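Before anything else, here's the structure in question.
The values are calculated or read from the model by the stated rules, or taken from the named source; none is laboratory data. Note that the structure is predicted; figures quoted are calculated from it, not measured. A quick note on method: Cβ atoms are made from the backbone with ideal geometry, for glycine too, and the neighbour counts reach across all protein chains shown.
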Amino acid sequence: MDNKIFTNPAIVTVQMSIEEYMEREAQKAQQQEAAKPRNLVYGLKGIEQLFNCSTTTAWRIKNSEWIKPAISQVGRKIVVDADLALELAHQNTERITYKK
């Protein structure tokens, strides 16, 4: 059997089942997502600049539950995924404002 047929992407796509095609497309999407650079901010100063707030409010934001998936902390080092933090803030806008 000629192996050149199976190495040609156009022919292989035609011979795939729908499940195999969906799995292949999911893998392509994951690779593209992994290749996208992440925007990171560091420390309370980074949170202050990201949300344009004071140090006290940045501390409250860091300790709040809604932003936990975007923050990783080891010892004193705080790293925040800025894109995810802004997305979570958009989803939870009522939790960002602190009422007196």
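Six or more apart or on different chains, Cβ under 8 Å: which pairs go from a residue in region 46-60 that's not assigned by TED's automatic domain parsing to the domain that holds Ala82 to one that's in a helix (DSSP H, G or I) and exposed (fewer than 14 other Cβ atoms within 10 Å of the Cβ)? Could you list them?
Close Cβ pairs (under 8 Å, with a partner that is in a helix (DSSP H, G or I) and exposed (fewer than 14 other Cβ atoms within 10 Å of the Cβ)) do not exist here.
Here is a further query. Among the residues of region 39-91, how many are surrounded by 12 or more Cβ atoms within 10 Å (Cβ to Cβ), in a loop (DSSP other than H, G, I, E, B), of a type outside the set (Phe, Trp, Tyr) and out of contact with any Asp or Glu (no Cβ under 9 Å at 6 or more places or on another chain)?
3
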